[in-house]
Amino acid sequence: MTYTIAILLSLIGYLVIGHLAGRRVQHLDDYLVAGRNAPTFLILGTLVASYLSTSAFLGETGFAYQGYPFVMLIFAAVSTSGCLLGALAFGRYLRRSSALTVPEFFGKRFASRRVQAIAGITTVVGLGAYLLGVMQGAGIMFAELTGLPYWVGLVLVWLTYTGFILYSGSPGVMLTDTVMFVIFSLAALGGSLYIIQDLGGWHGVLEGLLAQTDKPGIALWHGVLSGEQAEFSSPGEALTWGLTLGLVWAAVLAASPWQSSRYLMARNEHVVMRSAMLTAVALAVFYALMMMTGAAINLYNAELDSERAMVWSALNVLPAWLGIVILTGVFAAGLSSCSTFLSIIGFSISNDILPASRSERSAMRTSRMAVLGAGLIALILALFQPPAVMAVVWFAATLFASSWGPVALMSIWSRRITAAGAGWGLTVGFVGNLALSLMKQADWITLPVYLHPVMLATLAALLAILVASALTQVTPAERQYRAFLHERDDALEAGWMNGSRWIALVTMLSGVMIGIFLWQQYAETLAGLAGEFDVPRSAVLGAYALAVGCGTMLFIAGAVGYRVARARRQAVPAYQAAET
């Protein structure tokens, strides 16, 4: 009963916050991009909340519980670099465009309503699948905590996030995302520290994992390699998976609509860079703690369904008050992602796919109707589709890596890409990934771990872009708009620049501290236990390499951010001023 009351109160609280945010919505810019005036903390909150959903707390932590906590750390070290890549190579130029949606940016960049519509359709289909996964995760959470039927949880979750999106739009999503970010960050930190300390710290957890026989190898960097449940057959395969999927998710973080669209709400380009660097830090800390926690749950119970491991530990291991905090935090993570995805789907339908509205009032009404319609379809699908949280979410996310990733980066940095190239790149990357993934799922084809469908689809998309662009000409409008995106003036905003440099230094320092932490707590501890548990020397060396690699990736991200911030000049788009 206590958990039911906590969940219901949180739902009411988010509705109230969304209602308060909605009072400030006066114009279409307010509704779609929060007036383009959001500070760093709010962009940070919505970036992290958009990325970390029930898939992270249930699916990815469950994968660590299954036997692969340190493979997930390899994945995270590579993937989080996409935060800064997205901000520096795409996000700040996206913010400069003053588009209302990311597909609209593509439409402006290539002077093509067709390209905008293609990007809009891929947004709706891909995020529709993603929304389905996180809704199911929230429904599972609700059923586990309250004892009420799964469908009741789905309906209540849907009513909550749809309610405040319809009224408040982006301001409501951004504000509730940030509140949820604070809640689930505290929950993850508190729950992880309690479980790890309860088992004797990192030394006690590693010793226990080395001693148990249910999942041999779970304490080593490559994870479990034997048994019917093993995902990988060799250390090389595990490493390849971590690096390959890490690169894929780096592209997802760099260009996916639910991440890059957050930059459209930022106050300026410095806010874009600052929030991206802080997001990388937040995600690095999250994965370092939560993946170890997922593995540690095996020392309490090694026979759980992996996606329910975190819920079980909150109900059976943590003190009641901390269990309430962490479960409402996990629930909040799912709710925040639902609200973000539905808002983007609705905005894209109204702004990028349907014919343009004649007035601002009509456009807002159309957007709200699109949100409601898309939400109803997602609810119906979630009610009848069997839950598979991590599988659905990871499948949907990678669709954007292969379709949006090449086009987004080339739209900024290539002089030769044309509207035809962009349209074919979006289509081939999306459809190719979808087809290959479905064929692999149906066991029609078998692919090695290094030839993930997203890799093949990305190569196909690049080929389609090159061929189509070679057969067409860059128009003057395309050339002019790209030139506008790279315009800068001589006005330096010293206050903004200095603040960005400090945040870059914090990011670099965080990388050093995470590397030292993993070196001492994981690698040194494993080396000390190696003789007692016959740990191979290669596994010990791998642990040291993992510690150095995780810290170095974040340090490099901070160093790049510092270099860019040091030379940063505030862009004043002359083209935009003339357009206005």
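The values are calculated or read from the model by the stated rules, or taken from the named source; none is laboratory data. All values reported here derive from a predicted model rather than from experimental measurement. Cβ atoms come from the backbone with ideal geometry, glycine included; neighbour counts cover every protein chain shown.
The rows are residues; the columns are (1) at pLDDT below 90; (2) in a helix (DSSP H, G or I); (3) more than 19 Å from the chain's Cα centre (by Cα); (4) at positive phi.
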| position | (1), (2), (3), (4) |
| --- | --- |
| 395 | yes, yes, no, no |
| 399 | yes, yes, no, no |
| 408 | no, yes, no, no |
| 422 | no, yes, yes, no |
| 427 | no, yes, yes, no |
| 430 | no, yes, no, no |
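Take residue 208 and tell me if it is buried (at least 24 other Cβ atoms within 10 Å of the Cβ) and at pLDDT 90 or above. Against the criterion (buried (at least 24 other Cβ atoms within 10 Å of the Cβ) and at pLDDT 90 or above), residue 208 does not qualify.
Here is a yes/no grid of residues against (1) in contact with a Leu (Cβ under 9 Å, 6 or more places away or on another chain); (2) within 19 Å of residue 274 (Cα to Cα):
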site: 454; (1), (2): yes, no
site: 473; (1), (2): no, no
site: 481; (1), (2): no, no
site: 501; (1), (2): no, yes
site: 511; (1), (2): yes, yes
site: 514; (1), (2): yes, no
site: 523; (1), (2): yes, no
site: 533; (1), (2): yes, no
site: 553; (1), (2): no, yes
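Candidates 307, 231: the one that is under 20 Å from residue 56 (Cα atoms) and not in a helix (DSSP H, G or I) is 231.
Does residue 365 meet the test of being among the basic types (Lys, Arg), at pLDDT 75 or above and either assigned to a helix (DSSP H, G or I) or surrounded by 15 or more Cβ atoms within 10 Å (Cβ to Cβ) (or both)?
yes
Criterion applied to 535, 564 was being surrounded by 13 or more Cβ atoms within 10 Å (Cβ to Cβ), at pLDDT below 95, outside any loop (DSSP other than H, G, I, E, B) and not polar (S, T, N, Q), and the one residue passing it is 564. When the criteria are applied in full, residue 163 fails the requirement of being among the small types (Gly, Ala, Ser), surrounded by fewer than 24 Cβ atoms within 10 Å (Cβ to Cβ) and within 14 Å of residue 381 (Cα to Cα). In the range 500-524, the residues that are touching a residue at least 24 places away in the same chain (Cβ under 8 Å) and over 23 Å from residue 70 (Cβ atoms) form Cβ pairs under 9 Å with partners that are part of a helix (DSSP H, G or I) and charged (D, E, K, R), at six or more places apart or across chains, as follows: 500/274; 500/566; 501/566; 503/274; 504/274; 504/563; 504/566.
Name the residue, out of 147, 128, 82, 133, that is at pLDDT below 90 and in contact with a Leu (Cβ under 6 Å, 6 or more places away or on another chain). If you could, list the steps in order and put the result at the bottom.
Details: 147 fails: in contact with a Leu (Cβ under 6 Å, 6 or more places away or on another chain); 128 fails: in contact with a Leu (Cβ under 6 Å, 6 or more places away or on another chain); 133 fails: in contact with a Leu (Cβ under 6 Å, 6 or more places away or on another chain).
Result of the check over 147, 128, 82, 133: 82.
Could you give me the residue pairs with C-beta distances under 7 Å whose first residue belongs to the range 132-149 and is within 15 Å of residue 335 (Cβ to Cβ), whose second residue is among the small types (Gly, Ala, Ser) and not in a helix (DSSP H, G or I) wherever it lies, and which are 6+ apart or on separate chains? What qualifies is 134/53; 137/53. Taking the conditions (1) modelled with pLDDT under 90; (2) not in a helix (DSSP H, G or I) in turn, residue 417 satisfies each one other than (1).
Listed here are the residues, each with its yes/no results for (1) surrounded by 24 or more Cβ atoms within 10 Å (Cβ to Cβ); (2) over 13 Å from residue 242 (Cα atoms).
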{"site": "71", "(1), (2)": "yes, no"}
{"site": "74", "(1), (2)": "yes, no"}
{"site": "79", "(1), (2)": "yes, no"}
{"site": "88", "(1), (2)": "no, yes"}
{"site": "92", "(1), (2)": "yes, yes"}
{"site": "100", "(1), (2)": "yes, yes"}
{"site": "108", "(1), (2)": "no, yes"}
{"site": "111", "(1), (2)": "no, yes"}
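More than 20 Å from residue 423 (Cβ to Cβ), in contact (Cβ under 8 Å) with a residue 24 or more places away in the chain and part of a loop (DSSP other than H, G, I, E, B): does that describe residue 449? Taking the combined requirement at face value, the residue satisfies it.
If you check 111, 129, 138, 119, which single one turns out to be of a type in the set (Gly, Ala, Ser) and outside any helix (DSSP H, G or I)? So that I can check it myself, show each step before the final result.
On the way: 129 fails: outside any helix (DSSP H, G or I); 138 fails: outside any helix (DSSP H, G or I); 119 fails: outside any helix (DSSP H, G or I).
Answer to the selection: 111.
Screening residue 227 on (1) out of contact with any Phe, Trp or Tyr (no Cβ under 9 Å at 6 or more places or on another chain); (2) in contact (Cβ under 8 Å) with a residue 60 or more places away in the chain shows it passes everything except condition (2).
Scanning the range 116-125 for residues being touching a Leu at 6+ places or on another chain (Cβ under 7 Å) and among the polar types (S, T, N, Q) gives a total of 1.
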